[in-house]
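Okay, structure first, notes after.
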Amino acid sequence: MGTSAASTASYREHDIAIHPSGRPEDSLTDAFMILEPTTNPMFTRTLYEHPRDQIKTYGTEDEAREAALQLARAWIDARLDKPVE
């Protein structure tokens, strides 16, 4: 079906794992998780995981990856740009 490994991207010092399960059947979905920035990659912490009930399936891996990146970037922007109260 396609790639079976998860892919990663970075945005505003956050790592984004796209279809993190690595299962081939997930390669067409917008599943992703955002990892907390760290200087030691051995100790990562998940900040956000896209809820399973909101995951959508796309026609190609490229469409799924782009959708996941857009959602992840929006979440990161909202977190970092939130007004201080």
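Solvent-accessible surface of the chain, taken per residue with a 1.4 Å probe and all protein chains present: 67 Å².
Accessible surface for TYR48 stands near 50 Å², nearest 10, in the context of the full protein assembly shown (1.4 Å probe).
A probe of 1.4 angstrom, applied to the heavy atoms of all protein chains, finds ASP15 with accessible area near 70 square angstrom. Of the residues ALA64, ALA74, ALA31, the one that moves most in a GNM of the chain with alpha-carbon contacts below 10 Å is ALA74. Charged side chains reduced to their Cβ positions (Lys and Arg at +1, Asp and Glu at -1) give the chain a dipole of some 160 debye around its Cα centre. Per-residue ellipticity at 222 nm computed for the chain from its helices equals -8000 deg cm²/dmol, with DSSP H segments shorter than 4 residues left out and the rest contributing -39,500 (n - 2.57). Taking a sphere under 9 Å around the Cβ of GLU36 and counting the other residues whose Cβ falls inside, with K and R at +1 and D and E at -1, yields a net charge of 0. Axis angle, to the nearest 10 degrees, between helix 61-80 and the longest C-alpha principal axis of the chain: 10 degrees. Computed over protein heavy atoms with a 1.4 Å probe, the carbon and sulfur contribution to the accessible area of the chain reaches 50%.
Counting only protein chain heavy atoms and rolling a 1.4 Å probe, the accessible areas of GLU13, GLU66 rank, largest first, as GLU13, GLU66.
You can think of it this way: the chain between SER21 and LEU69 has 15.7 nm of extra reach, that is 0.36 nm per residue less the Cα-Cα gap.
The values are calculated or read from the model by the stated rules, or taken from the named source; none is laboratory data. This is a predicted model, so every value here is computed, not measured. For neighbour counting, all protein chains shown are included, and Cβ atoms are generated from backbone atoms with ideal geometry for every residue, glycine included. Ligands, DNA and RNA are excluded from the accessible area calculation, which covers all protein heavy atoms including side chains. Shrake-Rupley method; radii C 1.70, N 1.55, O 1.52, S 1.80 Å.
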